[in-house]
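Right, one structure below, let's go through it.
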Amino acid sequence: MNSFTSPNPENLLTDQALWRTGAFINGQWLNETPHGKYSLKNPATDEVLVELPRCKEQETELAIQSAQVAFEKWRKTTAKQRYEIIHRWYQLVVEHKEDLATLITLEEGKPLSEARGEMDYASSFLQWFAEEAKRIRGDVLPAPKDGQRIVVLKQPIGVCAAITPWNFPAAMITRKAGPALAAGCTMVVKPASQTPLTALALAELARRAGVPDGVFSVLTGNDTRIIGGILTSHPLIRKITFTGSTEVGRTLLEQSASTIKKCSMELGGNAPSIVFDDADLERAVDGVMASKFRNTGQACISANRIYVQDGIYDEFAKRLAAKVATLKVGNGLDEGIEQGPLIDLNAVEKVESHIADAVQHGATVLCGGQRSDLGGFFFQPTVLANVTAEMAITQEETFGPIAPLIRFKDDDEVIFQANNTDFGLAAYLYSQNAARIWNTAEALEAGMIGINTGLISNEIAPFGGVKQSGLGREGSHYGIDEFLEIKYMCWDGLLTG
Ligand code: NAP
């Protein structure tokens, strides 16, 4: 395969019916709206992939109304029926993994090998939550009075709206739709306008799996504020589940306040990665590589600040830079590529500005540091040494392929530095001393801690952050609670004697 997308990118798919170019509302494909179309581009080539219809008020309203109608039936299905449908969806997603991965690479840019990894991760949520549908349990509690019983039910919350980011076009949808549908809720999804094709292919597979009309709808378009404004203020929407930046999350929370919606927020991060003197150095280098350079650094749990203890700093920096310099950059569809493009020009400019600010304040470039010779949105994987707490790169989420190395002396100092941020999504630490690991892990203000690993995402673990990194958890047996309401019945008059 060469570096150019074919003139008909749908030809790259084995099942070309997964190339969907319309919104999916109430089980119907809507290929035109009165509002025209917008162009979707491939970030690796900057070529237009397709034109997609713009949804606005009317289409969003239709999706919500049909989700409400569908909810009345879907909520009454048995757990086993929901299991069977969601599990069939899972099987179809697994069967079409290669096509879905190709769509991810085309619209998002990540290398095909990583896109396949995302599809394994994405499908795992459908499998997991299909099973969890059968495990929604109530409770019977001891009552305060004779003749009373306290009975607790869990019921689906209602119509949910999901707003998702571009960096994981499949997984950020299945991590929400899996538990929502399993709980008996229906869902309207607004995927990122830069990556709707994967969402639409997932909708096509949901349809084939027997997900009823209106239970899962996908809106297309780039009139984001209009769609978002309706989703967050509509009285029929009972729940907003959002993944994206903290800034947008804050706006959506404000907009949801007037109708008191239940909200889950998976927001931005500024993950510290701490390498102690007693770490297994090779493992630490590999862990930092995995967490920092996955998806070209465009992951919310990407290591954003790498603290390395004085005694091993120089050796760690040398080994990391040597490995990073070998990373192969290019079009993710090409064989052997390890780093795709950044998503757009804004992303490239942010990376450049962080490097310029760091260098101006005394950082040194150990490798990379510039736009790639490939042009476009490609950037050289970069390692910076002598980074300090004052630089923009340690204070903001970079979302790009730069590993900034910060030297530290003792444990208390690094814990203070690591926590000195408004964010608290993931943190990583590398050590072989159990007491130090416990103390540090307990002291770190983060929702997730990777210990001697840079890869922490899976369907079994509760994913989510503290502080301004979010509200709620996704995945795991905790994840379904976000889509359930608790109802309690106080049942009196049960004395028989
Ligand atoms: P973003 O700009 O916040 O966008 C995320 C989604 O929100 C997109 O669908 C976007 O639509 C939509 N959106 C933007 N402004 C909106 C508004 N005013 N009303 C309603 N919707 C609006 O974030 P991004 O650039 O796509 O993703 C990167 C961010 O996501 C990073 O901060 C990253 O850390 C975070 N993230 C967090 C997690 C997590 O699990 N915690 C996972 C992945 C990413 P358009 O595409 O149409 O603009």
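Worth a mention:
- Any hit, segment 315-325, residues being under 21 Å from Lys110 (Cβ atoms) and surrounded by fewer than 19 Cβ atoms within 10 Å (Cβ to Cβ): yes
- Residue list for segment 98-145, filter: of a type in the set (Lys, Arg) and under 23 Å from Ala17 (Cβ atoms): Arg116
- Every pair of residues 6+ apart whose Cβ atoms lie under 6 Å, when the first sits in segment 13-40 and is within 18 Å of Met187 (Cα to Cα) while the second is loosely packed, with under 15 Cβ neighbours inside 10 Å: Gly22/Asn31
- Leading residue by the ranking (nearest to Ser124 (Cα to Cα)) among those in segment 454-497 that are over 17 Å from the mean Cα position of the chain (by Cα) and open to solvent by less than 60 Å² (accessible area, probe 1.4 Å): Phe483
- Qualifying residue in segment 2-20 (condition: modelled with pLDDT of 95 or more, buried (at least 17 other Cβ atoms within 10 Å of the Cβ) and β-branched (Val, Ile, Thr)): no
- In segment 69-81, the condition of being charged (D, E, K, R) and either modelled with pLDDT under 95 or within 17 Å of Asp223 (Cα to Cα) (or both) is met by no residue.
- Selection of strands (runs of 3 or more DSSP E) fully inside segment 368-486 by the criterion of at least 1 residues being within 16 Å of the ligand (Cβ to nearest atom) returns 402-408, 426-430, 448-451.
- Residue check for Ile104: open to solvent by 10 Å² or more (accessible area, probe 1.4 Å) and either of a type in the set (A, V, I, L, M) or under 30 Å from Ile343 (Cα atoms) (or both): no
- Residue match in segment 275-290 (condition: in the same structural domain as Gln370 (by TED's automatic domain parsing), within 15 Å of the ligand (Cβ to nearest atom) and closer than 25 Å to His354 by Cα): no
- Residues (buried (at least 21 other Cβ atoms within 10 Å of the Cβ) and either closer than 30 Å to Lys41 by Cβ or within 10 Å of the ligand (Cβ to nearest atom) (or both)) located in segment 212-222: Phe216, Ser217, Val218, Leu219, Thr220, Gly221
- Hits in segment 24-64 (condition: of a type in the set (A, V, I, L, M), over 19 Å from Ile237 (Cα atoms) and in contact with a strand residue (DSSP E or B) (Cβ under 9 Å, 6 or more places away or on another chain)): Leu30, Leu40, Val48, Leu49, Val50, Leu52
- Selection within segment 129-176 - among the small types (Gly, Ala, Ser), surrounded by 24 or more Cβ atoms within 10 Å (Cβ to Cβ) and away from the ligand (no atom under 16 Å from the Cβ): Ala133
- Residue that is farthest from the ligand (Cβ to nearest atom), among those in segment 224-267 that are small (Gly, Ala, Ser) and under 23 Å from Leu52 (Cβ atoms): Gly229
The values are calculated or read from the model by the stated rules, or taken from the named source; none is laboratory data. It should be emphasised that the depicted structure is a prediction, and the values quoted were computed from it without experimental measurement. Cβ atoms come from the backbone with ideal geometry, glycine included; neighbour counts cover every protein chain shown. Heavy atoms of the whole protein, side chains included, go into the accessibility calculation; ligands, DNA and RNA do not. Shrake-Rupley method; radii C 1.70, N 1.55, O 1.52, S 1.80 Å.
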